[in-house]
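A.B. asks: Handing you a structure now.
The values are calculated or read from the model by the stated rules, or taken from the named source; none is laboratory data. Since we're looking at a predicted model, the values are computed, not measured. Note that each Cβ is placed from the backbone with ideal geometry, even for glycine, and that neighbours are counted across all protein chains shown. These area figures cover heavy atoms from the full protein model, side chains too; ligands, DNA and RNA do not enter into them. Shrake-Rupley method; radii C 1.70, N 1.55, O 1.52, S 1.80 Å.
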Amino acid sequence: MKEKRKPIMSGFTHILHGGDYNPEQWKDTPEIWQEDMRLMKLANCNTMSVGIFSWAVLEPEEGVFDFSFLDTAMDNIAKNGGKAVLATPSGARPHWMSDKYPELLRVLPDRQHALFGVRHNHCFTSPVYREKTAKINRLLAERYKDHPALGMWHVSNEYGGECHCPLCQAAFREWLKKKYGGDLERLNHAWWTAFWSHRYTSWEQIESPSPIGEIYVHGQNLDWKRFVTDQTADFMHNETAPLREMTPDVPVTTNFMGFYPGLNYWKLRKEVDVVSWDNYPNWHMPDSNIATAVQTAFLHDMNRSFLHKPFMMMESTPSLVNWKPYNKLKRPGMHKLSSMQAVAHGSDTVQYFQWRKSRGSSEKLHGAVVDHCGHENTRVFREVAELGGLLQKLDGIVGTMPESKVAVLYDWENRWALDDLQGLQNEDKKYIETTLKHYTPLWKRGVSVDVLDFHEDISAYSLVIAPMMYMMERETIQRLKQYVAQGGTLVCTYLTGTADENDLCWLGGLPAEDLKEVFGLWTEEIDTLYPEERNALVLPDGTKYAVCDYCEIVHPSTAEVLATYKKDFYAGQPAVCKNSYGKGTAYYIACRDTGEYVDVLYGELLQQLEIPRALPNLPEGVTAHVREGGGERYLFVENYNGAPVQVVLEKNYIDMETEQTVRNTLKLDGYGVSVLKEL
Ligand code: GLA
Ligand code: ZN
């Protein structure tokens, strides 16, 4: 599956650098269009995303098309030696369309019909909207299929949201009929509708979840979320069909949104040739930059793991955004560091929202390469141009990949189920936070990690870490079992294998089914602590680590006890267990530690399993990653501290930016980053 050294756009062997470009906002000032081309060259940009919200210009009246602005933009980009990421315009639509076909606007969960406005508010089922998008997409493909600027398709923009209109209700019922083989009793069982007299006696009674109707049937909520993902994927399929037919060699992507809860990207990835995502971290939080770096690294790893090949950072800001509660500037150097972080994890692009600040409306204060002043004499422009200069030296990195021996599992459906679950800590089960706690020890040791969902093949990994794996179907249970039996090392936690894929609790003792043998224990109860409460887990030598939030009471059968609880009525009972199963080992961490214990545990496991690290002995707040391919190895060293650091190197390298040889020690400025090629 791993394709080495293949550029994203065929024949264009450079890291892509550029961003969302909206010349349609500047139609009355052609001098700005010309100036944009000069500035793009100066900023060392080579790729522009065009047409994302251009529908009202492209089709000002129904069936009347005017591509002149896009013709000029595409020609200008080509003349400038660049490439276009050409968008389909379905993220927003012209007024005439919603006026004439109001059914393509969404119905909200409370069944109110939306008015025209904002964006991303169309029905994914509407036949008219599907027809309109397919038509404009076909015209775009026909017109630009041989255009030298056309590099790839950017389909719509950040698909998201859901629609509860009658068409969507009907489609949901059809989806359910298919899933349950037309057998309503199977659905009633899966949704456990004997509870509260919720039994369905006809398909027509079924509605999507609503605050004025049903929200407590967890199986129903899950199926609705699955349907929304499938319907979005189906809509996307309809959008891409004409593109694939007319331009079979031009890759297709759509921009994902990190942890966005509304869509299961493991499904949507099947509709794209290249994964791309929009990255807007909260840099420079008062406590530290490191947690932000860790979370961002995790998301880059996940986006790379979707297709196991280089991905695109489609959007990022060169300076600040305008939609957070507090919109802080990236400190000098941070832009290069955060951009190179993406590349270190496998992005073959650094792209921005946005090229030029819009003059009015809601995003006028959002960061851009070109500010309202209109010239290049700004800090942000200089930093972008400088970064572009470095990227131009990195053609050799295009198509290379990190190699991972560790997988961390993070699953959308598991998150949906945990978010819905009533019990434990109701406000927030902290699934993401906990997953990141388990990922942090790997990040700080410079270990490459793939991030997978529960359905992926894990057989090639030496270590698999799967926190809070609450919802598991039988097939997943079997895969975990086989993985350990064949020699894998698996780390799971409290809540493992509690419910099946319909969110029905497994019967017969937890963790479900054969997992009791794999972990050599069964779990009886789970205690939730108040937020400030702490217990501790105690190692045999007396070392203690703080425990918060959850303590499960477990009974080992074959498992060895690695740590016990310090206090409460379960003091002295197992808190962490290890079990040999087949040729492998399974760890069960029955409580949530505050992060110190997993740090020690993973430190030991990485050594035992001889898992490669990009560099040993990394200073606090510094990490390193390797991309390799075609016999070349590139080392990225990233300093998330505001202060300078020195990093010990084991080999000799050439610094790709300065072209100087680097031996023994690497000096990094505050927020400094270096890309080194192994000699
Ligand atoms: C999203 C959208 C862009 C823009 C940016 C602002 O990622 O795709 O159109 O609104 O946010 O950060
Ligand atoms: Zn709808």
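A.B. asks: Output yes when any residue across the range 281-296 is in a helix (DSSP H, G or I), open to solvent by less than 30 Å² (accessible area, probe 1.4 Å) and aliphatic (A, V, I, L, M), and no when none is.
C.D. replies: From the range 281-296, those in a helix (DSSP H, G or I) are 290-296; that's our starting set.
With open to solvent by less than 30 Å² (accessible area, probe 1.4 Å) added as a condition, the list becomes 292-294, 296.
Pick out the ones that are also aliphatic (A, V, I, L, M) and you get 293-294.
For the range 281-296, residues in a helix (DSSP H, G or I), open to solvent by less than 30 Å² (accessible area, probe 1.4 Å) and aliphatic (A, V, I, L, M): present.
A.B. asks: How about the range 1-97: which strands (runs of 3 or more DSSP E) wholly inside it have at least 1 residues that are under 19 Å from Leu140 (Cβ atoms), more than 16 Å from ligand 2 (Cβ to nearest atom) and polar (S, T, N, Q)? Walk me through it before giving the result.
C.D. replies: Details: elements: 16-21, 47-50, 83-87.
So the answer is 47-50.
A.B. asks: Arg379: open to solvent by 40 Å² or more (accessible area, probe 1.4 Å) and in contact with a helix residue (DSSP H, G or I) (Cβ under 9 Å, 6 or more places away or on another chain), yes or no?
C.D. replies: On the way: open to solvent by 40 Å² or more (accessible area, probe 1.4 Å): yes; in contact with a helix residue (DSSP H, G or I) (Cβ under 9 Å, 6 or more places away or on another chain): no.
Taking the combined requirement at face value, the residue does not satisfy it.
A.B. asks: Restricting to the range 98-112, name every residue that is within 11 Å of ligand 2 (Cβ to nearest atom), more than 19 Å from Glu61 (Cα to Cα), open to solvent by less than 60 Å² (accessible area, probe 1.4 Å) and of a type outside the set (Lys, Arg).
C.D. replies: Initial filter on the range 98-112 (within 11 Å of ligand 2 (Cβ to nearest atom)): 103-108.
Adding the requirement that they be more than 19 Å from Glu61 (Cα to Cα) leaves 106-108.
Filter once more, keeping what is open to solvent by less than 60 Å² (accessible area, probe 1.4 Å): 106-107.
Val107, the sole residue that qualifies.
A.B. asks: Take the range 631-661 and flag every residue that is of a type in the set (A, V, I, L, M, F, W, C) and farther than 22 Å from Thr400 by Cα. Reasoning before the result, please.
C.D. replies: Initial filter on the range 631-661 (of a type in the set (A, V, I, L, M, F, W, C)): 635-637, 643, 645, 647-649, 654, 656.
Result: Ala643, Val645, Val647, Val648.
A.B. asks: When you look at Gly630, is it small (Gly, Ala, Ser), open to solvent by 20 Å² or more (accessible area, probe 1.4 Å), more than 20 Å from Asn289 (Cβ to Cβ) and at pLDDT below 95, yes or no? If you could, list the steps in order and put the result at the bottom.
C.D. replies: Working: small (Gly, Ala, Ser): yes; open to solvent by 20 Å² or more (accessible area, probe 1.4 Å): yes; more than 20 Å from Asn289 (Cβ to Cβ): yes; at pLDDT below 95: yes.
Criteria met by Gly630.
A.B. asks: For Leu115, which of the numbered conditions (1) assigned to a loop (DSSP other than H, G, I, E, B); (2) surrounded by 15 or more Cβ atoms within 10 Å (Cβ to Cβ); (3) among the hydrophobic types (A, V, I, L, M, F, W, C) fails to hold?
C.D. replies: Condition not satisfied by Leu115: (2).
A.B. asks: Here is a follow-up. Tell me the residue from Val561, Val554 that is touching a Pro at 6+ places or on another chain (Cβ under 6 Å), without any contact (Cβ under 8 Å) to a residue 60 or more places away in the chain and under 21 Å from Gln425 (Cα atoms), please. Don't jump to the end; show me each part of the working.
C.D. replies: Working: Val561 fails: under 21 Å from Gln425 (Cα atoms).
Criteria check complete, one pass: Val554.
A.B. asks: Can you run down the residue pairs with Cβ atoms below 6 Å, 6 or more apart or on separate chains, where the first is in the range 106-124 and closer than 17 Å to Ser156 by Cα and the partner is modelled with pLDDT under 95 and within 16 Å of ligand 1 (Cβ to nearest atom)?
C.D. replies: Arg106/Asn121
A.B. asks: Sticking with this one: Given the criterion exposed (fewer than 13 other Cβ atoms within 10 Å of the Cβ) and within 26 Å of Pro332 (Cα to Cα), identify the matching residue among Glu638, Glu620. Walk me through how you get there before you give the answer.
C.D. replies: On the way: Glu638 fails: exposed (fewer than 13 other Cβ atoms within 10 Å of the Cβ).
Within the list Glu638, Glu620, the selection yields Glu620.
A.B. asks: Let me ask something else. Of all residues being over 14 Å from Glu552 (Cβ atoms) and over 32 Å from the mean Cα position of the chain (by Cα) in the range 492-526, which is most open to solvent (accessible area, probe 1.4 Å)? Just the residue, please. Full working, then the answer.
C.D. replies: Looking only at the range 492-526, we keep the residues that are over 14 Å from Glu552 (Cβ atoms), and these are 499-508, 512-514, 517-518, 520.
Remaining after also requiring over 32 Å from the mean Cα position of the chain (by Cα): 507-508, 517, 520.
Numbers: Leu507: 150, Gly508: 71, Glu517: 106, Gly520: 0 Å².
Among them, the one singled out is Leu507.
A.B. asks: On to the next question. For the structure I just gave you, tell me whether Lys364 is touching a strand residue (DSSP E or B) at 6+ places or on another chain (Cβ under 9 Å), open to solvent by 10 Å² or more (accessible area, probe 1.4 Å) and either within 16 Å of ligand 2 (Cβ to nearest atom) or more than 19 Å from Ala293 (Cβ to Cβ) (or both). Give the steps one after another, and end with the answer.
C.D. replies: Details: touching a strand residue (DSSP E or B) at 6+ places or on another chain (Cβ under 9 Å): no; open to solvent by 10 Å² or more (accessible area, probe 1.4 Å): yes; either within 16 Å of ligand 2 (Cβ to nearest atom) or more than 19 Å from Ala293 (Cβ to Cβ) (or both): yes.
Judged against the criteria, Lys364 is not a match.
A.B. asks: Kindly evaluate Glu413 against the criterion of being more than 21 Å from Ile589 (Cα to Cα) and in contact with a Phe, Trp or Tyr (Cβ under 9 Å, 6 or more places away or on another chain).
C.D. replies: Working: more than 21 Å from Ile589 (Cα to Cα): yes; in contact with a Phe, Trp or Tyr (Cβ under 9 Å, 6 or more places away or on another chain): yes.
Yes, satisfied.
A.B. asks: Next question. I'm told Pro148 meets every condition in (1) open to solvent by 40 Å² or more (accessible area, probe 1.4 Å); (2) in contact (Cβ under 8 Å) with a residue 40 or more places away in the chain; (3) within 16 Å of ligand 2 (Cβ to nearest atom); (4) assigned to a loop (DSSP other than H, G, I, E, B) except one. Can you identify the failing condition by its number?
C.D. replies: (3)
A.B. asks: Going by the structure shown, is Trp323 within 11 Å of ligand 1 (Cβ to nearest atom), at pLDDT 95 or above and either in a loop (DSSP other than H, G, I, E, B) or out of contact with any Asp or Glu (no Cβ under 7 Å at 6 or more places or on another chain) (or both)? Step through it out loud before you land on a result.
C.D. replies: On the way: within 11 Å of ligand 1 (Cβ to nearest atom): yes; at pLDDT 95 or above: yes; either in a loop (DSSP other than H, G, I, E, B) or out of contact with any Asp or Glu (no Cβ under 7 Å at 6 or more places or on another chain) (or both): yes.
Yes.
A.B. asks: Also, quick follow-up: Against the definition (part of a helix (DSSP H, G or I), surrounded by fewer than 19 Cβ atoms within 10 Å (Cβ to Cβ) and either touching a residue at least 12 places away in the same chain (Cβ under 8 Å) or among the hydrophobic types (A, V, I, L, M, F, W, C) (or both)), how does Glu214 come out, yes or no?
C.D. replies: No, not satisfied.
A.B. asks: For the range 592-615, check the following and say yes or no: at least one residue is touching a His at 6+ places or on another chain (Cβ under 9 Å) and under 28 Å from Lys677 (Cβ atoms).
C.D. replies: Yes: the range 592-615 contains one or more residues that are touching a His at 6+ places or on another chain (Cβ under 9 Å) and under 28 Å from Lys677 (Cβ atoms).
Residues checked against (1) under 25 Å from Ala499 (Cβ atoms); (2) surrounded by 18 or more Cβ atoms within 10 Å (Cβ to Cβ); (3) within 16 Å of ligand 2 (Cβ to nearest atom):
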| site | (1), (2), (3) |
| --- | --- |
| Tyr159 | no, yes, yes |
| Glu162 | yes, yes, yes |
| Pro166 | no, no, yes |
| Ala170 | no, no, yes |
| Glu174 | no, no, yes |
| Lys179 | yes, no, no |
| Arg186 | yes, no, no |
| Trp196 | yes, no, no |
| Thr201 | no, no, no |
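A.B. asks: Looking at Tyr129 and the list (1) more than 16 Å from ligand 1 (Cβ to nearest atom); (2) exposed (fewer than 15 other Cβ atoms within 10 Å of the Cβ), which single condition is not satisfied?
C.D. replies: Going through (1) more than 16 Å from ligand 1 (Cβ to nearest atom); (2) exposed (fewer than 15 other Cβ atoms within 10 Å of the Cβ) one by one, Tyr129 breaks only (2).
A.B. asks: Right, next: Could you check Pro94 against (1) within 30 Å of Asp273 (Cβ to Cβ); (2) open to solvent by less than 10 Å² (accessible area, probe 1.4 Å); (3) touching a Ser or Thr at 6+ places or on another chain (Cβ under 9 Å) and say which number it fails?
C.D. replies: Against the list (1) within 30 Å of Asp273 (Cβ to Cβ); (2) open to solvent by less than 10 Å² (accessible area, probe 1.4 Å); (3) touching a Ser or Thr at 6+ places or on another chain (Cβ under 9 Å), Pro94 comes up short only on (3).
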